[in-house]
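Contents: one structure, followed by commentary.
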Amino acid sequence: MEPAVVENVNNSQKEIVRPVANFSPSLWGEQFINFAFDTELAKKYAKEIEGLKNQVRDEAYDLYTVALHFRVFRQHGYRISCGIFKKFIDENGKFKETIKRDARGLLSLYEAAYLRVHGEDILEDALVSTMANLKSMAPHLSYGLGKQVTHALMQSIHFGIPRIEFKELARAYYVEAKWFIEGYLPPFSDYMSNALITCTYHYLTISSLQGMKFVTKEQFQWLSNKPRVLVASLIICRLIDDTATYEVEKERGQIAIGIESYMKGNGMTKEEAMDKFFELANNAWKDINEECLIPILCSKEILM
């Protein structure tokens, strides 16, 4: 990796900046680096996956389940046949009228259709058909499902979340890099607006719930809208992280933006600013406690 080159504004000279972090030894040692991949285990899972593909093809699953299985297999690189959708086609080659009232199933099929490849006419038709049906159904659906459908019509899962979310993260990192290079100390409110993105805890929270059977699509969408309980969690993580890394960042020659911004804006010492950070974190915990008393769109397991 090339060292960072920073231009000195005062004398127009370029100097090499190498921020160094003196990290403590890893708790994990080198066991993951030296881990030998078990080829027999890989073969075992490959056989299980083939079995599941046949099971999806043969069993009488509903549209939602078949489309979901199809999308997951395709996302992981398995060429599962689009022929599994033929059971939902009538004698005229069109999707059966019975599924056109199944909003949840249509949404699942709509998302699956975005993983089509050349020559898969059944998925081309599925995309056109589901899009038209979902557009007409959206205003009449329940709040949670309606919002999910509206969002999907604007941005499908396959085209969207990782790419769109990373754009936001990259922009936020650019802002922090610009502050660092210019030696700029922003107002604390500006810092926090940006820092709640660069801490990445929002993305970690959502990804940590993937694969848990009790989490629904509506709950993922609810989290994507950054509810109060999630924002409070971000504040806690950001502030505690800033207090923990303050001395290390100063040793590197960096501006510890969070603490120093608060010190400057409020005329405080380092110790006073850190005490205030812990107070703000405790207040955020109170927000979380209050939200846990009135869960609305999510289960207790997610809140806890």
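What is the number of the single condition among (1) at pLDDT below 90; (2) small (Gly, Ala, Ser); (3) crowded, with 16+ Cβ neighbours inside 10 Å; (4) under 27 Å from Gln75 (Cα atoms) that Ala195 does not meet?
The one condition Ala195 does not meet is (4).
Of all the helices (runs of 4 or more DSSP H) wholly in region 206-295, which have at least 3 residues that are exposed (fewer than 15 other Cβ atoms within 10 Å of the Cβ)? Let's see the steps before the verdict.
Values: elements: 217-224, 228-251, 257-266, 270-293.
Where helices (runs of 4 or more DSSP H) fall fully within region 206-295 and carry at least 3 residues being exposed (fewer than 15 other Cβ atoms within 10 Å of the Cβ), they are 228-251, 270-293.
Of the residues Leu223, Leu293, Leu280, only one is outside the structural domain of Val149 (by TED's automatic domain parsing) and within 22 Å of the chain's Cα centre (by Cα); which?
Details: Leu293 fails: within 22 Å of the chain's Cα centre (by Cα); Leu280 fails: within 22 Å of the chain's Cα centre (by Cα).
Checking each option against the conditions leaves just Leu223.
Tell me, please, whether a residue that is surrounded by 14 or more Cβ atoms within 10 Å (Cβ to Cβ), within 29 Å of Lys147 (Cβ to Cβ), touching a Ser or Thr at 6+ places or on another chain (Cβ under 9 Å) and in contact (Cβ under 8 Å) with a residue 12 or more places away in the chain can be found in region 171-188.
yes
Mind checking which residues of region 69-80 are surrounded by fewer than 19 Cβ atoms within 10 Å (Cβ to Cβ) and farther than 14 Å from Glu120 by Cα?
Result: Val72, Gln75, His76, Gly77, Tyr78.
Condition first: part of a helix (DSSP H, G or I), in the same structural domain as Tyr61 (by TED's automatic domain parsing) and under 26 Å from the mean Cα position of the chain (by Cα). Can you find one or more residues in region 76-93 that meet it?
Filtering region 76-93 for residues part of a helix (DSSP H, G or I) gives 82-88.
Filter once more, so that each one left must be in the same structural domain as Tyr61 (by TED's automatic domain parsing): 82-88.
Going one step further and asking which of them are under 26 Å from the mean Cα position of the chain (by Cα), we end up with none.
Among the residues of region 76-93, not one is part of a helix (DSSP H, G or I), in the same structural domain as Tyr61 (by TED's automatic domain parsing) and under 26 Å from the mean Cα position of the chain (by Cα), which makes the answer no.
The values are calculated or read from the model by the stated rules, or taken from the named source; none is laboratory data. Since the model is a prediction, treat every value here as computed from it, not as a measurement. Because the Cβ atoms are built from the backbone with ideal geometry, glycine has one as well, and the counts that use them run over all protein chains shown.
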